[in-house]
Amino acid sequence: MKKKIFLGLVLLLAFFLRFYHLGSYPPLNADEAAIGYNAWSLIKTGRDEHGESWPLHFKSFGDYKPGGYFYIVLPFVKFFGLNEWSVRAPAAFLGVMTVYLVYLLACLIWQDEILGIFWAFSLAVSPWHLQFSRGGWESDVALFFLTLGVYFFFVSLKKKKKYFAVNIVFSFLSFLVAMYTYHSARVIAPVLLGGLFLFKSRQLWQKRRQLILPFVFGGLLLVPLIFSFLRGGAEARFSGVGLLADPGPIWRANELINQHRHIVVARILHNKPVLYSILFANKYFSHFSGNFLFIDGDSVPRSKIPDMGEMYLFEVIFLAIGIVGWLRMKINDKYLPWLWLGVAPLASALTFQAPSALRALPLVVPLTFFVALGLKIIWGFSVQSLPRLTPYFLRSLVITAYFWGVWSWWNQYFIHYLKHYPTAWPNFRPVARWLKQNQTKYQRICIAGKFDQPYILTLFYLQYPPQKAQQEIHLTPRDKFGFSTVTHFGKYWFGDCSKLTSKHFDAILGK
């Protein structure tokens, strides 16, 4: 009973930290506005902002966002209206459910409820997980479905045998939804599931006949994703942000070749496959650097908060104790945290911008697992030769550390964040209020490009009729990263307003 109370308190804490001022802080960003407006457009017209009927990939700014989260948001927009809360609530709720899922995983796989509670707590207060479950981030939703897929995989092996095929289907379905929700999951999900099948191959081979139907079912559901990816231009998006988009290794190869006398030998030693492999390895292992995890975090301001890493600095102690403790333990299914740890950074390492807290978000699950194990070891620490008060002293230190850590996160996030990174989350609400009050007074209005994709924020906050937007939107050509934006629709124009005068426009905002 006491354990259930503690679990309930952890879930309440997770809920509070994710839903507190969810609809107002931080300001809505362009990606969230795109998800909300396109969901609203589907409700109103059955088409997205560009006139595509119920797409699996949304063209948006030319980044071809996977459609999973758009459709998850859709009923929230339908029932609660087009607003910030409707866009963010599904991700926040599924973030809380991920906290509960890791508890269930620990109970199911290792029959350790105490470890499950510590794991849930560690994830509930994780700065990394909080950052991406307090907004309309597809990566947070994909992480929930990846975790759900792993859970159903083990349910199929550990629960009643007659439901094996049903649970495997649910596992496949969860992994597929993750792949339909976020680009990185398309790398992580197949490798993670493949690793699970590899480690459980003996047990699964005995049930190979029951696997035929789940594989056929999963294959059929995967076909639309493949066709949509190839036809929707998403491959062009990957070519813009993928590892090969970085020309550095090519320049480096040419430089090294020119330093050799023997060109043949030089090309064997210094070529694109070798140098891109080295670049991939550097990016992969950068996700495990102390600077990334505990000091500075991500280099992208929107993916971090100031003066903090992705984890609390003091957690390095619990992490180290947990890893050593796990290495020394003799327990079944010991491979799972290592498998997850190894797979999680793969997608991020395949892009030119790494380490990335956003793309490598699944890494938070195994890392918080080891932290939780370290916490459990310290919490239960007892040696006869030491004073009786030692366990209580250690527990007091743990409680104090986390109280200080969560308080520090709260202070940085709610007080200093927007002041430190004002351009990461530009507040469009005052502009939207002005537009609503004055839009009938002017024939043509220009909105400065200092706002990231200001056109979609204008569509979102004005609740601009989707039927009109689909007819009026004019796009720029795609840039080298695969993005494009809207130059104008209706009376609204977007760009560098500082170069324009009142001769061109009746009103210029953000000049």
**Prompt:** Computed from these coordinates, which is percent of Cα pairs over 32 Å apart: (i) 75; (ii) 48; (iii) 62?
**Reply:** (ii)
**Asked** What's the center-to-center distance, using Cα atoms, between the range 147-224 and the range 26-78 in Å?
**Response** 28
**Item:** Additional length obtainable on full extension of the chain from Trp85 to Leu9, 0.36 nm per residue less Cα span
**Value:** 25.0 nm
**Asked** By how many nm would the segment from Lys158 to Thr487 lengthen if fully extended, with 0.36 nm per residue of separation less the alpha-carbon distance?
**Response** 112.8 nm
**Prompt:** Counting other C-beta atoms within 10 Å, which of Ile43, Ile188, Ile35, Ile445 has the fewest, and how do the rest follow?
**Reply:** Ile43, Ile445, Ile188, Ile35
**Request:** Can you pull the one-decimal nm distance between simple spin-label points at Leu462 and Trp434, each 7 Å off the Cα toward Cβ?
**Result:** 1.4
**Using θ = phi - 60° and Karplus 6.51 cos²θ - 1.76 cosθ + 1.60, couplings along the range 287-296 (whole Hz; Gly, Pro as x)** = 6, 9, 6, x, 5, 5, 6, 10, 10, 9
**Prompt:** Hey, got the dipole for the chain? About the Cα centre, +1 on K and R Cβ, -1 on D and E Cβ, debye to the nearest 20?
**Reply:** 1020
**Prompt:** At a Förster radius of 25 Å, what calculated FRET efficiency corresponds to the Cβ-Cβ distance of His50 and Ile415, to the nearest 0.05?
**Reply:** 0.05
**Prompt:** Expressed in whole Å with the largest first, what are the equivalent ellipsoid semi-axes of the range 30-110 derived from the C-alpha gyration tensor as the square root of 5 times each eigenvalue?
**Reply:** 29, 14, 10
**Asked** If you project the alpha carbons of the range 120-231 onto the principal axes, what extent comes out on each, in Å, largest first?
**Response** 43, 42, 20
**Item:** Leu198-Val223 FRET efficiency (beta carbon distance; Förster radius 25 Å; 0.05 resolution)
**Value:** 0.55
**Request:** Subtract the Cα-Cα distance of Arg209 and His21 from 0.36 nm times their separation in residues, and report this length gain in nm to one decimal.
**Result:** 62.6 nm
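Counting other Cβ atoms within 10 Å, keep those with at most 12, restrict to DSSP loop, and tell me which trypsin sites (Lys or Arg not before Pro) in the range 90-173 are left.
Lys160
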**Message:** What number do you get for the range 283-378 when its Cα radius of gyration is normalised by 2.2 N^0.38 Å, N = residues?
**Reply:** 1.09
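FYI, it's all coordinate maths here, none of it is from the lab. Keep in mind that this is a model prediction, so the values were computed, not measured. No Cβ is skipped: glycine too gets one built from the backbone with ideal geometry, and neighbour counts run over all protein chains shown.
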